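Data block below; observations after.
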Amino acid sequence: MSEPSFITDFIEKLQKLDRRALAILRRSASFAPGAYPAAYPYVEHHVGADWHPQDSRRQALYITAMLYALHPRQADVSLATALGRLMKARDSGSIELRFIALLAADGDELPYYLRQIVSLLAADEHGIDYAELLQDLIWWLKSHSPESRDRIRQKWARDFYRQLAQTPAA
């Protein structure tokens, strides 16, 4: 999947936000994606004119902005890879249970489980690739395409379990 330019532009804008803007986006976690008016100035500029309110791209922008505000640590690893590394470091089965719950989530539950996962990663300072996450969320949230959601679930599962299978470097 190639990365549309609006994804790169959006992540770059998130990285330039001040503390006040990040606080507003953190507060948006208490609302459905796109339902907190104070977050509109930080996201709606990136929404296409032809996108409807429930468009997967719009929803994914709001979720990504909220997650970034909770843990603004960019890295070159996927969410699932970072979580696999965290589980391996902590040796905690509860992390795997949360990951499985995330994979089983539907579109409405997804922000809740992602907040949990990102909070775990933030506690141990594990960064993630927010551009990749945004692109994955767009595909996951496409309501007319369960195949897209399954493809992302499988990709995340591979990333997560590969980390668990790796032996430590000598």
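The values are calculated or read from the model by the stated rules, or taken from the named source; none is laboratory data. Since we're looking at a predicted model, the values are computed, not measured. Neighbour counts are summed over all protein chains in view; Cβ atoms, including those assigned to glycine, are modelled from backbone coordinates with ideal geometry.
Side notes on the structure shown:
- Selection within the range 60-84 - aromatic (Phe, Trp, Tyr) and closer than 12 Å to GLY127 by Cβ: TYR68
- If you filter the range 67-101 down to residues that are under 28 Å from ILE24 (Cα atoms) and free of Cβ contacts under 8 Å to residues at least 24 places away in the same chain, you find that the one that is surrounded by the fewest Cβ atoms within 10 Å (Cβ to Cβ) is ALA101.
- On the stretch given as the range 127-152, residues that are touching a Phe, Trp or Tyr at 6+ places or on another chain (Cβ under 8 Å) and either among the charged types (D, E, K, R) or within 18 Å of TYR113 (Cα to Cα) (or both) total 6.
- Subset of the range 121-156 that is in a helix (DSSP H, G or I) and over 15 Å from the mean Cα position of the chain (by Cα) - its residue that is modelled with the lowest pLDDT: PRO146
- Checking each residue in the range 136-157 for being buried (at least 20 other Cβ atoms within 10 Å of the Cβ) and under 25 Å from LYS88 (Cβ atoms) picks out ASP136, LEU137, TRP140, ILE152, TRP156.
- Inclusion of GLU12 among residues that are loosely packed, with under 15 Cβ neighbours inside 10 Å and not β-branched (Val, Ile, Thr) is warranted.
- Residue check, GLY127 among the small types (Gly, Ala, Ser), surrounded by 12 or more Cβ atoms within 10 Å (Cβ to Cβ), in contact (Cβ under 8 Å) with a residue 12 or more places away in the chain and in contact with a Lys or Arg (Cβ under 6 Å, 6 or more places away or on another chain): yes
- Inside the range 102-115, residues that are surrounded by 14 or more Cβ atoms within 10 Å (Cβ to Cβ) and farther than 14 Å from ALA157 by Cβ make up a count of 6.
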